[in-house]
Amino acid sequence: MEYLREGDMLTVQEVDRLGRDTLTGLTTLAELFERDIAVKVLTGVGAGEHEESNLLLELALVLATELRRDIVKKTKDGLEVARLRGRIGGRRPVMTEPLVVQAVALRAKGFSLKQIQPHLRITEGKSKGKNPSIGAISQALRAHDETKGEA
């Protein structure tokens with residue numbers, strides 16, 4: 001925004017690129033038009049070149065905000081349904097139960113995380129044959145300690 005000069009034209013794919021919500025988009029447009037910077041929208045509602053605010057641009061921003069809100073809601077609903085089915089998002093943990101047992105044994109012998117890492121090898125997935133990260137080892141040991149404390 002700071003780079004744009006009077007007489008320039010800002011080109012965006014769709015009007016929703018001007019802000020994450022209606023208010024931000026309207027504020028951005030007002031600032032651009034106040035500085036005599038035109039806006040060119042390539043696709044969607046509001047496509048075309050604009051040198052001043054108009055109802056079509058404002059409507060496009062409102063529709064984009066509603067669409068984004070709808071996508072966020074559907075994503076949250078989908079994650080909740082997956083959670084109810086026992087699926088949790090994210091990568092599968094690289095620290096399998098045998099690796100955790102090995103790490104616990106090494107830690108009991110006084111090894112630090114950096115000393116434990118070279119002794120562990122991932123047995124499946126994309127990282128097969130590599131060492132787990134120190135963060136993964138630390139997280140697995142912390143989870144092990146928490147479950148041990150509950151038992």
* Using a 1.4 angstrom probe and counting only protein chains, how large is the accessible area of ARG83 in Å², to 10? -> 130 Å²
* Structure fact -> The local net charge around GLU6, scoring Lys/Arg +1 and Asp/Glu -1 for residues other than GLU6 whose Cβ lies under 11 Å from its Cβ, equals -1
* Structure fact -> Share of accessible surface on carbon and sulfur in the stretch 1-137, whole %, 1.4 Å probe and ligands ignored, is 55 percent
* In the set [x] 52; [y] 59; [z] 26, which value of percent of Cα pairs over 24 Å apart was calculated from the structure you see? -> [y]
* **Within the chain, helix-based [θ] at 222 nm, where runs of 4 or more DSSP H residues each add -39,500 (n - 2.57), nearest 500** => -16500 deg cm²/dmol
* Asked: Lysine pairs in the chain 8 or more apart or on different chains: how many have alpha carbons under 25 angstrom apart?
  -> 6
* Express in whole angstrom the spacing between the alpha-carbon centres of the stretch 107-151 and the stretch 35-76. => 48 Å
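The values are calculated or read from the model by the stated rules, or taken from the named source; none is laboratory data. None of these values were measured; they are calculated from a predicted model. Backbone-built Cβ (ideal geometry, glycine too); neighbour counts: all protein chains shown. These area figures cover heavy atoms from the full protein model, side chains too; ligands, DNA and RNA do not enter into them. Shrake-Rupley method; radii C 1.70, N 1.55, O 1.52, S 1.80 Å.
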